[in-house]
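The values are calculated or read from the model by the stated rules, or taken from the named source; none is laboratory data. Quick caveat, the model's predicted, so the values are computed rather than measured. Cβ placement follows ideal geometry from the backbone for every residue including glycine, while neighbour counts extend to all protein chains displayed. What goes into the accessible areas is simple: the full protein's heavy atoms, side chains included, and nothing from ligands, DNA or RNA. Shrake-Rupley method; radii C 1.70, N 1.55, O 1.52, S 1.80 Å.
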Amino acid sequence: MLLGMGLGLVVVLAALVVAALALSGVSLASDPTALARVSVQPLGGTIEHVEAFGSDGQKVPLAVQGGRLTPLKQLTPGEQVSVEVQVRRPGWLGWALGHERTEKLTLQAPVARVSEQWMTVPAGAAVHVSFDQSVSAIAYGSTGRLTHRATLHNPRRSVSLGSQPATGSTEIAAAARPWETVGKPMQVSWFPQSHTTVMATIPASGEPIPPYTPIRLTFSKTVSEALGSDHPTLSPGTPGHWRETDSHTLVFTPSGFGAPLGSQLRIQLPREVAVTAGTGDSLRTTSQVEWTVPAGSTLRLQQLLAEQGYLPVDWQPSSAPVAHTPGAEAQAAVEPPSGSFSWRYSDTPHQLQAMWTPGQANAITRGAIMKFENTHEITVDGLAGPSVWHALLSDAIADKRQTSGYTYVYVHREIPEVLTLWHDGHTVLTSAANTGIAGAETELGTFPVFEHIPEGTMSGTNPDGSHYEDPGIKWISYFNGGDAIHNFDRASFGTPQSLGCVELPLQAAAEVWPYTPIGTLVTIET
């Protein structure tokens, strides 16, 4: 009998212990709105101490309300946080089970991710971006510049960006909780509804682009669905490489000097796609898109020609010199650095000085281009086309400089007529000369030499309409149409006797000729 009562008492005590343990429980778990939630059973006691630490080891202040633990400073989405809660049990339970109980939990601040990066949007509809969970704040805009920000008082999973262009993209970042900063941006692209694959380009097709600009093509379908197995081709040929940055995006990154300056850069696609037509919302189907690569700046052209010895001026940058790398030189070609020009020679002829204007096309610059073209075996036209720029930038990187000096020739038509040869700060020669007779006057102005031959046949039409042909003419430098500096045997010199040319005695012509290669400026003045 006593044994039975004892056993019954043990059972009752055991039941009381189990009940006490159940009613004194404490749990710490994540929470859908707060950072965490602590739950204390009726006999669990009171929360005595709560603390949290971020991934940087710094303490995270918390507000405790209704068991919810809410950070009082903003956390970064995905940041790891350690939470520790100490609970003090009531007296008799504390005696039986211990006065304090500690719960620890390590969790991550939630991360809201875009559910769909590539969307089709009905005509005229606003663009909505969906997330995998409700968000409390967003920021969106161009890469690196999320200028549009919004705090959502009612968190939701879909956010409107309002009316947008028919085809476009943005970077968007979100915060899942009000106590978070926005997270890492994600690219979102949208396209109008179409039966054909739609393609968006960054930069927009038709825009002027610097030569080193990466080109991003984003498709409404995967790259393989849109283009097959082939990549686009560029014309003119541009060094660089294609890569798929994600399933829908193809990026071309230029290398070297990038796209040729002054070119029309065209991408040929292996298949046709739909692109936005002009600035409207309509689509056009095409397999080609193109951009204009600006020509290099006239100012930078002059800076390079001066540095490489093709001009009668020097140039000094006002800050650090342009780095001798393809990327830096290509950038400087369209965004010239600041600096100053100075005359290389103290006695530069006033006629030459009067022609010089930094940053503007002029005869001095054209003559220097022609000399550069001739030196580099480029077709001589006096225009800074892609080939000239490529050679100029290459010489800048190699720190090359021409060493033949700078020559200038000026001829006075006032009797007695005189030719003066000036080179590198010195008058090399002054000689009597003959210019054109009435009806065939030598044209006034400044002209660059465009053909330079030691001997040739000169032919043309006399003022009376008859034809002439003179073989064996020596030391010829053509500078304006059929007008040239050359030797011609005359009984005298210093008066108009030619048909437009500048005639010199044999010895003078032989001395002048080596100084007048292609690009040399010749001024005819009264």
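Within the stretch 104-124, if we keep just the residues that are assigned to a loop (DSSP other than H, G, I, E, B) and open to solvent by less than 40 Å² (accessible area, probe 1.4 Å), the residue that is farthest from VAL159 (Cα to Cα) turns out to be ALA109.
In the stretch 159-171, how many are part of a strand (DSSP E or B) and either open to solvent by 30 Å² or more (accessible area, probe 1.4 Å) or at pLDDT below 90 (or both)? Before you say what the answer is, go through the steps one by one.
Initially, the stretch 159-171 is screened for residues part of a strand (DSSP E or B), giving 159-160, 168-171.
This time we only want the ones that are either open to solvent by 30 Å² or more (accessible area, probe 1.4 Å) or at pLDDT below 90 (or both), so: 160, 168-169, 171.
Residues meeting the conditions: 4.
Output the residues belonging to the stretch 279-297 that are under 22 Å from PRO211 (Cβ atoms), β-branched (Val, Ile, Thr) and surrounded by fewer than 19 Cβ atoms within 10 Å (Cβ to Cβ). Hit for the stretch 279-297 is THR292, nothing else. Suppose the filter is open to solvent by 30 Å² or more (accessible area, probe 1.4 Å) and modelled with pLDDT under 90; does ALA63 pass it? No, not satisfied.
Look through the stretch 500-514, keep the residues that are crowded, with 21+ Cβ neighbours inside 10 Å and touching a residue at least 60 places away in the same chain (Cβ under 8 Å), and return whichever of them is nearest to VAL428 (Cα to Cα). It comes out as VAL512. Picking from residues in the stretch 406-462 that are among the aliphatic types (A, V, I, L, M) and open to solvent by 70 Å² or more (accessible area, probe 1.4 Å), the one that is nearest to LEU311 (Cα to Cα) is LEU444. Annotation note: Cβ proximity below 8 Å between a residue of the stretch 363-383 that is free of Cβ contacts under 8 Å to residues at least 60 places away in the same chain and a residue that is among the acidic types (Asp, Glu) and assigned to a helix (DSSP H, G or I) (sequence gap 6+ or interchain) occurs for THR379/GLU373; ASP381/GLU373. Quick one: PRO211 ticks every box in (1) touching a helix residue (DSSP H, G or I) at 6+ places or on another chain (Cβ under 6 Å); (2) under 23 Å from THR170 (Cβ atoms) except a single one, so which number is it? For PRO211, the exception is condition (2).
What residue, among those in the stretch 77-89 that are among the polar types (S, T, N, Q) and out of contact with any Asp or Glu (no Cβ under 7 Å at 6 or more places or on another chain), is nearest to LEU28 (Cα to Cα)?
Taking the stretch 77-89 as the starting set, the residues that turn out to be among the polar types (S, T, N, Q) are 80, 82, 86.
With the extra rule that they be out of contact with any Asp or Glu (no Cβ under 7 Å at 6 or more places or on another chain), the set shrinks to 80, 82.
Values: GLN80: 16, SER82: 11 Å.
By that ranking, first place goes to SER82.
What about THR403, is it open to solvent by 30 Å² or more (accessible area, probe 1.4 Å), free of Cβ contacts under 8 Å to residues at least 40 places away in the same chain and of a type in the set (S, T, N, Q)? Spelling it out, it is not the case that THR403 is open to solvent by 30 Å² or more (accessible area, probe 1.4 Å), free of Cβ contacts under 8 Å to residues at least 40 places away in the same chain and of a type in the set (S, T, N, Q).
Could you please give the count of residues in the stretch 246-296 that are within 18 Å of the chain's Cα centre (by Cα) and within 29 Å of ALA125 (Cβ to Cβ)? So that I can check it myself, show each step before the final result.
Residues of the stretch 246-296 within 18 Å of the chain's Cα centre (by Cα): 250-267, 290-296.
Filter once more, keeping what is within 29 Å of ALA125 (Cβ to Cβ): 250-251.
Total meeting the criteria: 2.
Looking at the stretch 396-410, can you tell me whether even one residue there is part of a strand (DSSP E or B), among the hydrophobic types (A, V, I, L, M, F, W, C) and within 30 Å of LEU504 (Cβ to Cβ)? Talk me through it step by step, then tell me what you get.
The initial filter retains those residues of the stretch 396-410 that are part of a strand (DSSP E or B), namely 407-410.
From what is left, the residues that are among the hydrophobic types (A, V, I, L, M, F, W, C) are 409.
Remaining after also requiring within 30 Å of LEU504 (Cβ to Cβ): 409.
Looking through the stretch 396-410, at least one residue is part of a strand (DSSP E or B), among the hydrophobic types (A, V, I, L, M, F, W, C) and within 30 Å of LEU504 (Cβ to Cβ).
Being closer than 25 Å to LEU311 by Cβ and open to solvent by 60 Å² or more (accessible area, probe 1.4 Å): is that true of HIS390 here? Against the criterion (closer than 25 Å to LEU311 by Cβ and open to solvent by 60 Å² or more (accessible area, probe 1.4 Å)), HIS390 qualifies. Within the stretch 465-478, can one find any residue that is open to solvent by less than 20 Å² (accessible area, probe 1.4 Å), in contact (Cβ under 8 Å) with a residue 24 or more places away in the chain and either in contact with a strand residue (DSSP E or B) (Cβ under 6 Å, 6 or more places away or on another chain) or not in a strand (DSSP E or B) (or both)? Checked against the condition, which is being open to solvent by less than 20 Å² (accessible area, probe 1.4 Å), in contact (Cβ under 8 Å) with a residue 24 or more places away in the chain and either in contact with a strand residue (DSSP E or B) (Cβ under 6 Å, 6 or more places away or on another chain) or not in a strand (DSSP E or B) (or both), the stretch 465-478 yields at least one hit.
Residues in the stretch 106-123 that are free of Cβ contacts under 8 Å to residues at least 60 places away in the same chain and more than 17 Å from VAL188 (Cα to Cα): THR106, GLN108.
Return the only residue of GLY445, GLY436, GLY482, GLY456 being of a type outside the set (D, E, K, R), closer than 18 Å to THR516 by Cα and in contact (Cβ under 8 Å) with a residue 40 or more places away in the chain. Outline the logic, then answer.
Numbers: GLY436 fails: closer than 18 Å to THR516 by Cα; GLY482 fails: in contact (Cβ under 8 Å) with a residue 40 or more places away in the chain; GLY456 fails: in contact (Cβ under 8 Å) with a residue 40 or more places away in the chain.
Within the list GLY445, GLY436, GLY482, GLY456, the selection yields GLY445.
Taking the condition closer than 25 Å to ALA126 by Cβ and acidic (Asp, Glu), does ASP230 pass? Step through it out loud before you land on a result.
Numbers: closer than 25 Å to ALA126 by Cβ: no; acidic (Asp, Glu): yes.
So ASP230 fails the test.
Taken as a whole, the structure places ALA174 among residues that are modelled with pLDDT of 95 or more, buried (at least 20 other Cβ atoms within 10 Å of the Cβ) and assigned to a strand (DSSP E or B). Residues that are in a strand (DSSP E or B), within 28 Å of GLN164 (Cβ to Cβ) and free of Cβ contacts under 8 Å to residues at least 40 places away in the same chain within the stretch 250-294 comprise LEU250, VAL251, PHE252, THR253, ARG266, ARG284, THR286, SER287, GLN288, listed in sequence order.
Yes or no: the stretch 27-41 includes at least one residue that is of a type in the set (A, V, I, L, M), closer than 21 Å to GLY183 by Cα, modelled with pLDDT of 85 or more and part of a strand (DSSP E or B).
Step one: of the stretch 27-41, the residues of a type in the set (A, V, I, L, M) are 28-29, 34-36, 38, 40.
Now narrow it down to the ones that are closer than 21 Å to GLY183 by Cα: 34-36.
Now drop any that are not modelled with pLDDT of 85 or more, which leaves 34-36.
Then drop every residue that is not part of a strand (DSSP E or B), which leaves 36.
Yes, that holds for at least one residue.
Yes or no: ALA174 more than 23 Å from the chain's Cα centre (by Cα), aliphatic (A, V, I, L, M) and more than 24 Å from VAL60 (Cβ to Cβ)? So ALA174 does not fit the description; no. Residues in the stretch 179-188 that are out of contact with any Leu (no Cβ under 9 Å at 6 or more places or on another chain) and either within 14 Å of GLN74 (Cβ to Cβ) or among the hydrophobic types (A, V, I, L, M, F, W, C) (or both): GLY183, MET186.
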